[in-house]
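> The structure is given below, and queries will be raised subsequently.
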Amino acid sequence: DVVETQEHYESRWRSIRIMYLTMFLSSLGFSIVIMSVWPYLQKIDPTADASFLGWIIASYSIGQMVASPLFGLWSNYRPRREPLVVSSAISIAANCLYAYVHVPHSHNKYYMLTARALVGFGAGNVAAVRSYIAGATSLTERTSAMANTSACQAIGFILGPVFQTCFTLIGEEGITWKLVVLQLNMYTAPVLFGALLGVINIILIFAIFREHRVDDAGRQCKSVNFEGEESGVLDQDTAGNIDHVAVVAINFLFFVILFVFAVFETIATPLTMDMYSWTRKEAVFYNGIILCVVGIESVIVFMVVKTLSKKTGERAILHGGLLIILVGFFILLPWGKKLPNIQWEEIKNNSIPRTASTEMLIPFWSLQAMQLPSNHTVEPVGCPVTQSWCLNTPMIYLAQYISSDILIGLGYPVCNVMSYTLYSKILGPKPQGVYMGWLTASGSGARILGPVFVSQVYTHRGPRWAFSLICGVVVVSLLILEIVYKRLIAFSVRYGKMQE
């Protein structure tokens, strides 16, 4: 029996590759300005502080969290080209708005906040992208396709800062086009480049993208995501209920995976500044290199996991990925005896009372190190004494930190791909737009809550409490995975249409 014609196969995979590009551009829209947001914000609106920067960074995830279920619902009932084009158009308009946030005479920071939230809203199309890929691939193709999708997303995150670095050659002043009041500089060029890529993406969606759907065995089917005459075969294939216990479990596991990775990204700079007495410039530079290496490691893992899953199955790999993440955060717990260097600035400026109790808490050698010349101009480094845990918590050695980065960079992509793959297989031939929207929204929520959680716990309780709680969360997720392990099977397997 002919499963599908060669023409249909080639058209189907051309459409899937357009979805890869769309996923790449969604992540690029986030990362291409991430390093320049703070200096640009300070330049256009001196009233903005670091706390407002946090809202601007979070606004992307908030926009994506709101939009994902909406675009997912839209893609269930209408041709997917509609939400894909509209979401891309929103991202293009938002990037253009970002390029003009310097023009108003006041409230510039709020215009920037709106622009970034709209970029995130446009990135909500990942729900439609993943639901299309799930419906356009057979069970045997899906793990590879989902891995490629995640790899394109990761490459977008990696290349964003690279493009930003290239655009710094234009400089802060750049070129001004007075006719349209446009400043082309190191802050606006990246978003305008992103807008140009968005236009190209829309053209490709119209020119190449086509609606395709195959069943779990790879047989060509009529699309179920918009009005049309579904065949009797389709009704038979979609008969049966989705296992909502498994769906909720995967949503929770995905939330945990994105939560711990958001914690890992957020804590890198303050942790290394506190533990290794790195300056702000050194912390950004060294951690940038580390995150770039982790990103490359993740892309390699995405490629390897496609082959490995065929031998062991997705559930076992997800279990292994969570265990690797657990070990990665367990290694970060302070185990030694050496205390970090104490930042002397606060004591020298008398921002902390010099009481008998503080004199007893701070070792004599630390006090000696704090006696620097009064005319110094060096940036204060070390663990701030305002964080009381600095006085009694052992430092985390650099070898621990690097080992943890490697392990988390290995475990995260494994869990990411397996979550999406299992989720799409559990949903089966049902329209997946809304469900994929909720999964994306849970990941966006995790990226919002993760930085808030770690900034509060780390500042007030230190790394021992922060990483112990993360280990506890991962252990709970492993227990839930054990409980629902046998339910995490493909829809067709669950109803006896295919063998596992």
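The values are calculated or read from the model by the stated rules, or taken from the named source; none is laboratory data. Quick caveat: nothing in here was measured; it's all calculated off a predicted structure. Virtual Cβ from ideal backbone geometry, glycine too; neighbours counted across all protein chains shown. These accessible areas exclude ligands, DNA and RNA; they are computed on the full protein's heavy atoms, side chains included. Shrake-Rupley method; radii C 1.70, N 1.55, O 1.52, S 1.80 Å.
> In the chain, what cysteines have no partner Cβ closer than 4.7 Å?
Cys with no partner Cβ under 4.7 Å: Cys96, Cys152, Cys166, Cys221, Cys292, Cys415, Cys471.
> Can you give the local net charge around Leu258? Use residues other than it whose beta-carbon is closer than 12 angstrom to its beta-carbon, Lys and Arg +1, Asp and Glu -1.
After counting each charged neighbour, the total is 0.
> Report the label-to-label distance for Val162 and Tyr485 in nanometres (one decimal), using points 7 Å from each Cα along the Cα→Cβ vector.
4.0 nm
> If R0 is 41 Å, what FRET efficiency do you get for Leu169 and Ile203 from their C-beta distance, rounded to 0.05?
0.90
> For the chain, with only Lys/Arg (+1) and Asp/Glu (-1) charged at the beta-carbon, what is the dipole magnitude about the Cα centre, in debye rounded to 20?
Magnitude of the dipole: close to 300 debye.
> How big is the charge dipole of the range 1-222 about its Cα centre, in debye rounded to the nearest 20, if each Lys and Arg gets +1 on its Cβ and each Asp and Glu gets -1 on its Cβ?
Computed about the Cα centre, the dipole is about 260 debye.
> Could you let me know the centre-to-centre spacing of the range 422-490 and the range 64-78, using Cα atoms, in angstrom?
What the calculation gives is 21 Å, centre to centre.
> Right, next: For Leu184, enumerate residues with amide H under 5 Å from its amide H, sequence gap 5+ or separate chain, H modeled in the peptide plane.
Ile175, Thr176, Trp177
> Can you give me the long-range amide H partners of Gly382? Hydrogens built in the peptide plane at 1.01 Å from N, cutoff under 5 Å, separation of 5 or more residues or another chain.
Amide H to amide H, under 5 Å and 5 or more residues apart or across chains, Gly382 pairs with Ser277, Trp278.
> Along the Cα→Cβ direction, 7 angstrom out, place labels at Leu469 and Thr176. What is the inter-label distance in nm?
Distance between the two pseudo-spin positions: 4.8 nm.
> State the answer as a single residue: which of Leu53, Gln42, Val129 lies farthest towards the positive end of the charge dipole of the range 1-222, with beta carbon charges of +1 for Lys and Arg and -1 for Asp and Glu, about the Cα centre.
Val129
> Hydropathy at least 1.0 by Kyte-Doolittle, axial extent at least 24 angstrom from the Cα trace: which helices of the chain, defined as entire DSSP H runs, fit?
Correct list, ordered by number: 189-207, 244-276, 314-331, 463-484.
> Given the alpha-carbon gyration tensor of the chain, what are the semi-axes of its equivalent ellipsoid in whole angstrom, ordered largest first, with each equal to the square root of 5 times an eigenvalue?
44, 30, 17
> A follow-up question, please. Quick check: the distance between the Cα centres of the range 98-154 and the range 266-297, to the nearest angstrom?
Cα centroid to Cα centroid, the span is 26 Å.
> If you take the beta carbon distance between Leu308 and Lys337 as r and set R0 to 51 Å, what does 1/(1 + (r/R0)^6) give as a FRET efficiency, to the nearest 0.05?
It comes out at approximately 0.80.
> Tell me the relative contact order for the range 1-144 as a rounded percent, counting alpha carbon contacts under 8 Å between residues six or more apart.
34 percent
> Taking only C-alpha pairs under 8 Å that are 6+ residues apart, what is the relative contact order of the chain in percent?
Relative contact order for the chain comes out at 24 percent.
> If you add up the charges near Tyr420, with Lys and Arg at +1 and Asp and Glu at -1, over every other residue whose beta carbon is less than 15 angstrom from its beta carbon, what do you get?
That sum, taken over residues with Cβ under 15 Å, equals +3.
> A further question follows. Charges only on Cβ, +1 for Lys and Arg, -1 for Asp and Glu: so what's the dipole of the range 297-342 about the Cα centre, in debye to the nearest 20?
In total the dipole reaches around 100 debye.
> Heavy atoms only, 1.4 Å probe, whole protein assembly: order Arg81, Arg142, Arg315, Arg487 by accessible area, highest first.
Arg487, Arg81, Arg315, Arg142
> Starting from the Cα-Cα distance between Ala217 and Tyr397, subtract it from 0.36 nm times their residue separation and give me the gain in nm to one decimal.
Fully extending the segment from Ala217 to Tyr397 adds 59.7 nm.
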